[in-house]
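**Q** Sending over a structure as structure tokens; questions will come in a sec.
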Amino acid sequence: MKPKRILEDLNAYLRAENVDVVYGIGAFSGGHCVINENTVVVINKRMPVEEQLRVCVSAILELKLDYSGLKGELINYIERYTGA
């Protein structure tokens, strides 16, 4: 699976988990935060796709979201960051 497709699938998963995904341009690397009781993942769209993926995966892991229902390839990608 290509990195762009993985990113699209992870974005769709985050949105399904009621996490807003916002893309912006600026001097920031991205991450997640809570704004007005809404969890938001902010991604710098000028960063390489691999860095955008890192931000998504970090948010999934830090928010302790259950990603076990995702496709096997996505689970494997996320677990590369956990050392599992």
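**Q** How many residues does the stretch 59-84 hold that are in a loop (DSSP other than H, G, I, E, B), at pLDDT 95 or above and either aliphatic (A, V, I, L, M) or touching an Asp or Glu at 6+ places or on another chain (Cβ under 8 Å) (or both)?
**A** Looking only at that region, the number is 4.
**Q** Identify all residues within the stretch 2-26 that are of a type in the set (A, V, I, L, M, F, W, C) and either outside any loop (DSSP other than H, G, I, E, B) or surrounded by 12 or more Cβ atoms within 10 Å (Cβ to Cβ) (or both); write none if there are none. Show your work before the answer.
**A** Going residue by residue through the stretch 2-26, those that are of a type in the set (A, V, I, L, M, F, W, C) are 6-7, 10, 12, 14, 16, 19, 21-22, 25.
If the condition is that a residue be of a type in the set (A, V, I, L, M, F, W, C) and either outside any loop (DSSP other than H, G, I, E, B) or surrounded by 12 or more Cβ atoms within 10 Å (Cβ to Cβ) (or both), then 6, 7, 10, 12, 14, 16, 19, 21, 22 are the ones that fit.
**Q** Another question, then. Hey, any hits in the stretch 29-47 for a residue that's acidic (Asp, Glu) and closer than 24 Å to residue 1 by Cα? Walk me through it before giving the result.
**A** Within the stretch 29-47, the subset acidic (Asp, Glu) is 37.
Filter once more, so that each one left must be closer than 24 Å to residue 1 by Cα: none.
Checking the stretch 29-47: not a single residue is acidic (Asp, Glu) and closer than 24 Å to residue 1 by Cα.
**Q** Further question on the same structure: What number of residues in the stretch 48-65 are exposed (fewer than 12 other Cβ atoms within 10 Å of the Cβ) and under 23 Å from residue 2 (Cα atoms)?
**A** 2
**Q** Still on this structure, I have one more. Kindly evaluate residue 29 against the criterion of being modelled with pLDDT under 95 and either surrounded by 13 or more Cβ atoms within 10 Å (Cβ to Cβ) or hydroxyl-bearing (Ser, Thr, Tyr) (or both).
**A** Yes.
**Q** Among (1) under 17 Å from residue 33 (Cα atoms); (2) out of contact with any helix residue (DSSP H, G or I) (no Cβ under 6 Å at 6 or more places or on another chain), which single condition is residue 56 missing?
**A** Status for residue 56: all satisfied but (2).
**Q** Moving to a separate point now. For a quick check of your reading of the model, give me the residue pairs whose first member lies in the stretch 24-38 and is closer than 19 Å to residue 58 by Cα and in contact (Cβ under 8 Å) with a residue 12 or more places away in the chain, whose second is assigned to a strand (DSSP E or B) and not hydrophobic (A, V, I, L, M, F, W, C), with beta-carbon atoms closer than 8 Å and at least 6 apart or on different chains.
**A** 24/44; 28/44; 29/44; 30/44; 32/39; 38/20
**Q** Report whether or not residue 55 is under 9 Å from the mean Cα position of the chain (by Cα), of a type in the set (A, V, I, L, M), modelled with pLDDT of 95 or more and in a strand (DSSP E or B). Full working, then the answer.
**A** Details: under 9 Å from the mean Cα position of the chain (by Cα): yes; of a type in the set (A, V, I, L, M): yes; modelled with pLDDT of 95 or more: yes; in a strand (DSSP E or B): no.
No: the conditions fail for residue 55.
**Q** How many residues, within the stretch 32-52, are of a type in the set (A, V, I, L, M) and modelled with pLDDT under 95?
**A** Total meeting the criteria: 2.
The values are calculated or read from the model by the stated rules, or taken from the named source; none is laboratory data. For clarity, every value in this text was computed on a predicted model and none was experimentally measured. Glycine gets a Cβ as well: all are built from the backbone with ideal geometry, and neighbour counts include every protein chain shown.
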